[in-house]
Amino acid sequence: MISEEGITKEEGATVIRMIGSVNAPIAGATDHFILKDDGKYSFHTNGDVLLGTMSFQMTVEEFDISWFKLVPSAEYNPTSGIKISVTTTKRYEAQSTFRFTDDIASKEASLSNLVVSHGKPDLDNPDNSTYQEYPLTPTFDKDTLQYEIKLLEYIDDMDITATTLDGKATLKIKVPKRHENGNLVYQADGTTIEYEEKEMLDKTPFNSVLNKLGEPDTVLTIVSTAEDGKTVKEYQLIIKRPYATIRGKAILADFDDEGKVQDVLDVYGVELNNRVDINLYKPNLAEWESIPDIYQIIYPDPFTYEKLENISKEASISSKNDGTFEVYIIPGQYDVQITRLGYLDYIYSDVELKEGDVIEMGEIRLAAGDINRDGTISQEDINQVKQVMDMLNDNADFLENYNPSQIGIVSQEDLNYAKQNQDRDLQIVYFNPNHS
């Protein structure tokens with residue numbers, strides 16, 4: 001601010017005296033203020049800058065302006081010029097306060113921070129918070145424009161929060177373009193992903209869907225545009241998802257009258273749907289094995305499906321209708337469950353997967369007849385089929401377990417399954433990728 005302290009006239013001379021103080025724009029708010037080694041700021045510009053206007057009333061009609069200049073002092077050494085106009089019609093505007101302003105738009109487009117997170121915080125009960133931040137590689141610096149994250153979790157989205165160094169900058173983000181079903185949009189070559197630009201707010205999380213395991217890395221670009229509308233900085237974030245691959249084919253074995261396996265239900269003209277679910281768990285299911293493992297160890301706490309329901313899955317994928325599957329898995333150690341209602345499961349225990357591994361499990365035949373879903377086919381399953389014989393699948397009490405034949409009605413075929421496979425148990429085996 002410039003404050004007029006007073007104007008005086010000396011005898012024999014035309015003199016105006018004004019004492020003022022300058023409260024410049026906030027230091028660092030624009031690129032005109034440079035911090036010097038002595039801790040003080042100096043003002044720099046390459047062109048004419050209107051910092052302010054000042055007017056006052058003179059006591060004489062004519063006034064010599066040649067002596068007006070910026071005077072150096074012990075602390076400051078101004079080098080800018082002063083322009084004085086004595087021809088304006090209105091030479092007097094105010095006698096008290098004048099405001100100096102810097103009208104040049106900022107060229108600062110840097111970010112001051114970039115945070116990648118998932119989940120929501122619970123401020124009232126932190127123990128229930130699911131919020132987690134993920135470290136960037138390298139550590140964030142406003143002048144570093146590319147970062148990576150190596151994600152080893154089964155999550156589908158992440159929040160990106162960018163903070164501008166100058167609050168006057170604006171943000172956008174370039175994200176992979178997707179169809180309505182969520183699948184990536186590719187260009188005509190079938191391999192180049194298309195991108196679209198979306199609005200992004202300063203200090204506000206932007207939720208971005210991640211590319212699926214097995215798809216290319218998720219590449220996000222945060223575009224920061226300075227107040228001048230011309231200066232732009234682009235920060236690229238690459239989210240990598242290491243994975244291994246498991247392949248196989250499930251066959252839901254059907255028996256004809258002679259006890260021979262057939263894959264198509266010829267009697268009813270219905271082709272057997274071989275779709276199964278592939279569930280991934282942390283490797284602890286084998287500890288509940290009810291039959292001796294390869295080391296002839298019988299565990300005291302046998303496997304049950306009730307216990308399995310209390311264990312969270314790491315991931316769950318369905319096969320195609322023909323039973324084939326290709327599952328992308330985060331590297332680690334798992335128990336892999338191949339399951340279908342009405343059939344005995346296969347559980348491969350302690351499957352160890354490293355990044356880039358491709359494991360072929362081959363054909364997996366599931367035995368039909370586990371009607372009551374207890375991991376073994378027994379007389380109880382035979383009795384249960386008899387109790388619901390001829391029940392149609394539109395009955396409110398109908399369960400998929402009752403009808404492994406898939407013909408839509410509990411039939412003699414389902415009873416035959418249970419009888420043919422009686423006394424068989426679910427399979428929990430240690431999988432050796434070298435001998436599928």
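The values are calculated or read from the model by the stated rules, or taken from the named source; none is laboratory data. In this text, all values refer to a predicted model and were calculated from it rather than measured experimentally. Here the Cβ is made from the backbone with ideal geometry for all residues, glycine too, and neighbour counts use every protein chain on show. Just so you know, the surface numbers come from the protein's heavy atoms only, side chains and all, with ligands and any DNA or RNA stripped out. Shrake-Rupley method; radii C 1.70, N 1.55, O 1.52, S 1.80 Å.
Can you go through Tyr281, Tyr268 and tell me which one is at pLDDT below 95, aromatic (Phe, Trp, Tyr) and open to solvent by less than 20 Å² (accessible area, probe 1.4 Å)?
Just a single option satisfies the conditions, and that option is Tyr281.
Just give me the residues in the range 130-148 being of a type outside the set (A, V, I, L, M, F, W, C), touching a Leu at 6+ places or on another chain (Cβ under 8 Å) and assigned to a loop (DSSP other than H, G, I, E, B), in sequence order.
Answer for the range 130-148, where residues must be of a type outside the set (A, V, I, L, M, F, W, C), touching a Leu at 6+ places or on another chain (Cβ under 8 Å) and assigned to a loop (DSSP other than H, G, I, E, B): Tyr134, Lys142.
Is there a residue being touching a strand residue (DSSP E or B) at 6+ places or on another chain (Cβ under 7 Å) and either open to solvent by less than 60 Å² (accessible area, probe 1.4 Å) or among the hydrophobic types (A, V, I, L, M, F, W, C) (or both) anywhere in the range 128-138?
yes
Per-residue answers, yes or no, for (1) assigned to a loop (DSSP other than H, G, I, E, B); (2) within 30 Å of Val351 (Cβ to Cβ):
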{"site": "Ala396", "(1), (2)": "yes, no"}
{"site": "Gln406", "(1), (2)": "yes, yes"}
{"site": "Leu415", "(1), (2)": "no, no"}
{"site": "Gln422", "(1), (2)": "yes, yes"}
{"site": "Val429", "(1), (2)": "no, yes"}
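So, Asn211, is that one closer than 27 Å to Tyr243 by Cα, assigned to a loop (DSSP other than H, G, I, E, B) and at pLDDT 95 or above or not? First the steps, then the outcome.
Working: closer than 27 Å to Tyr243 by Cα: yes; assigned to a loop (DSSP other than H, G, I, E, B): yes; at pLDDT 95 or above: yes.
The answer is yes for Asn211.
Taking the range 314-363 as the region of interest, how many residues are farther than 24 Å from Lys240 by Cβ, in contact (Cβ under 8 Å) with a residue 60 or more places away in the chain and not in a strand (DSSP E or B)?
Total satisfying the criteria: 7.
Just give me the residues in the range 356-372 being in contact with a Gly (Cβ under 8 Å, 6 or more places away or on another chain) and not acidic (Asp, Glu), in sequence order.
Met361, Gly362, Ile364, Ala368, Gly369, Ile371, listed by residue number.
Search the range 216-234 for residues being in a loop (DSSP other than H, G, I, E, B) and under 14 Å from Val175 (Cβ atoms), and hand back the single one that is farthest from the chain's Cα centre (by Cα).
Pro216
With respect to Glu199, determine if the residue is of a type in the set (Asp, Glu), open to solvent by 20 Å² or more (accessible area, probe 1.4 Å) and under 23 Å from Lys168 (Cβ atoms). So that I can check it myself, show each step before the final result.
Numbers: of a type in the set (Asp, Glu): yes; open to solvent by 20 Å² or more (accessible area, probe 1.4 Å): yes; under 23 Å from Lys168 (Cβ atoms): yes.
It is true that Glu199 is of a type in the set (Asp, Glu), open to solvent by 20 Å² or more (accessible area, probe 1.4 Å) and under 23 Å from Lys168 (Cβ atoms).
In the range 393-425, which residues are among the β-branched types (Val, Ile, Thr) and buried (at least 21 other Cβ atoms within 10 Å of the Cβ)? Give the derivation first.
Applying the first criterion (among the β-branched types (Val, Ile, Thr)) to the range 393-425 yields 407, 409-410.
Val410 - this is the single residue of the range 393-425 that is among the β-branched types (Val, Ile, Thr) and buried (at least 21 other Cβ atoms within 10 Å of the Cβ).
Given the structure, is Asp390 assigned to a loop (DSSP other than H, G, I, E, B) and either modelled with pLDDT under 90 or crowded, with 22+ Cβ neighbours inside 10 Å (or both)? Show your work before the answer.
Numbers: assigned to a loop (DSSP other than H, G, I, E, B): yes; either modelled with pLDDT under 90 or crowded, with 22+ Cβ neighbours inside 10 Å (or both): no.
Spelling it out, it is not the case that Asp390 is assigned to a loop (DSSP other than H, G, I, E, B) and either modelled with pLDDT under 90 or crowded, with 22+ Cβ neighbours inside 10 Å (or both).
Identify all residues within the range 157-212 that are within 13 Å of the chain's Cα centre (by Cα) and over 25 Å from Thr225 (Cβ atoms); write none if there are none.
Across the range 157-212, the qualifying residues are Asp157, Leu210, Asn211, Lys212.
Does Pro216 meet the test of being closer than 15 Å to Leu111 by Cα, surrounded by 13 or more Cβ atoms within 10 Å (Cβ to Cβ) and not hydroxyl-bearing (Ser, Thr, Tyr)? Before you say what the answer is, go through the steps one by one.
Values: closer than 15 Å to Leu111 by Cα: no; surrounded by 13 or more Cβ atoms within 10 Å (Cβ to Cβ): yes; not hydroxyl-bearing (Ser, Thr, Tyr): yes.
Spelling it out, it is not the case that Pro216 is closer than 15 Å to Leu111 by Cα, surrounded by 13 or more Cβ atoms within 10 Å (Cβ to Cβ) and not hydroxyl-bearing (Ser, Thr, Tyr).
Test Asp301 against the stated conditions and say whether it is modelled with pLDDT under 90 and farther than 30 Å from Arg241 by Cβ.
Working: modelled with pLDDT under 90: yes; farther than 30 Å from Arg241 by Cβ: yes.
Criteria met by Asp301.
Output the number of residues of the range 149-163 satisfying the condition of being part of a strand (DSSP E or B) and either modelled with pLDDT under 95 or open to solvent by 10 Å² or more (accessible area, probe 1.4 Å) (or both). Before you say what the answer is, go through the steps one by one.
Initially, the range 149-163 is screened for residues part of a strand (DSSP E or B), giving 149-150, 157-163.
If we keep only those that are either modelled with pLDDT under 95 or open to solvent by 10 Å² or more (accessible area, probe 1.4 Å) (or both) too, we end up with 150, 157, 159, 161, 163.
The qualifying residues number 5.
How do the pairs read when you match residues in the range 405-422 that are closer than 15 Å to Asn372 by Cα and at pLDDT 90 or above with residues anywhere that are of a type in the set (Asp, Glu) and surrounded by fewer than 18 Cβ atoms within 10 Å (Cβ to Cβ), using Cβ under 7 Å and keeping only pairs 6 or more apart or on different chains?
Short answer, once both residue conditions are applied: Val410/Asp390.
List the number of the failed condition for Asp345; all other conditions in (1) open to solvent by less than 10 Å² (accessible area, probe 1.4 Å); (2) of a type outside the set (A, V, I, L, M); (3) in contact with a helix residue (DSSP H, G or I) (Cβ under 8 Å, 6 or more places away or on another chain) hold.
Only one criterion is unmet by Asp345, namely (3).
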